[in-house]
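Below: the structure, in structure tokens.
The values are calculated or read from the model by the stated rules, or taken from the named source; none is laboratory data. Model, not experiment: these values are computed from the prediction. Backbone-built Cβ (ideal geometry, glycine too); neighbour counts: all protein chains shown. Only protein heavy atoms, including side chains, enter the accessible area calculation; ligands, DNA and RNA are left aside. Shrake-Rupley method; radii C 1.70, N 1.55, O 1.52, S 1.80 Å.
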Amino acid sequence: MGDIVTIKPIGGKKGANAIIEFVEKGVTVSDFYLFFRDRDFDCEVPLEEELYFDGNKTYYSYRTTIENYLFDTSLFLQFVEKERMELKYGIRNEEDVKGIFIETAKDLRCYQAVRHTLGELRFSNSFNTTWVIDGSGHLPPKLDLKHCQTNGWNLIQKAVSKNNEKWTKSNFNSKLDKYLELFDDKFFAELKFLVYYQGKDFAKALTNKLSDFPLKKYYKFAKEHFDYRKFGDLVELKKIVEKEK
């Protein structure tokens, strides 16, 4: 394919199959192609920081969504200093940013645990991973365990089938407990939520905590200063593409 690499955004994962079929039918000429997408809740987080490969042409990111890669404590501090918002948000150093990130993540603990549970139990489009009508980036009115657990199970009940034995309340609660145990103090201290949490949800909760925070402006800043070398899966992706050049 020479030295030219073409990257084409497809506007979301729902159009992926159509795009892949379009390429495979030879409408466009290429010796090699791959589809890179964020993992969302469609497969489990790998044990190591690496891409997940579906065995065909699709590579999934290590972090849950693309937004996850933009939340960096150092970049966040730089942005706050650039915009002179230190006093407004009580941010004087990177530890302050880390503390705000952790507080925000703890508020989302139960909701994200239920979303991961639903993602692990579902197949195809059997049910969604949230009961919030507007989807990711919009949070439910209550984030406590009882509310999240009840609404998560209700999604399964609406789609339950006698042919799917794993859709039982016992199994739902068991998998939920697994994620609640995973999301412990060490998990938060190591900022693992920046890998596991849905990035749009984290962003929404963060802007709820930091009133009037200019999220779009921060995203622009973070993208301008983005360093893919900080992320093992993105380094791996670059090597895969370079190998085929």
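Considering (1) of a type outside the set (S, T, N, Q); (2) open to solvent by 30 Å² or more (accessible area, probe 1.4 Å); (3) in a loop (DSSP other than H, G, I, E, B), the lone condition that Glu120 does not fulfil carries the number (3).
When Asp72 is tested against (1) surrounded by fewer than 18 Cβ atoms within 10 Å (Cβ to Cβ); (2) acidic (Asp, Glu); (3) modelled with pLDDT of 85 or more, only condition (1) is not met. Where helices (runs of 4 or more DSSP H) fall entirely within the range 147-245, those with at least 2 residues that are surrounded by fewer than 19 Cβ atoms within 10 Å (Cβ to Cβ) and hydroxyl-bearing (Ser, Thr, Tyr) are at 169-182. Scanning the range 161-204 for residues that are modelled with pLDDT of 95 or more and small (Gly, Ala, Ser) yields a total of 4.
Inside the range 120-158, residues that are out of contact with any Leu (no Cβ under 7 Å at 6 or more places or on another chain) and within 21 Å of Leu191 (Cβ to Cβ) make up a count of 3.
Could you identify the single residue in Gly99, Gly135 that is of a type in the set (Gly, Ala, Ser), modelled with pLDDT of 95 or more and either open to solvent by 70 Å² or more (accessible area, probe 1.4 Å) or more than 17 Å from Tyr219 (Cβ to Cβ) (or both)?
Details: Gly135 fails: modelled with pLDDT of 95 or more.
On inspection, the qualifying residue turns out to be Gly99.
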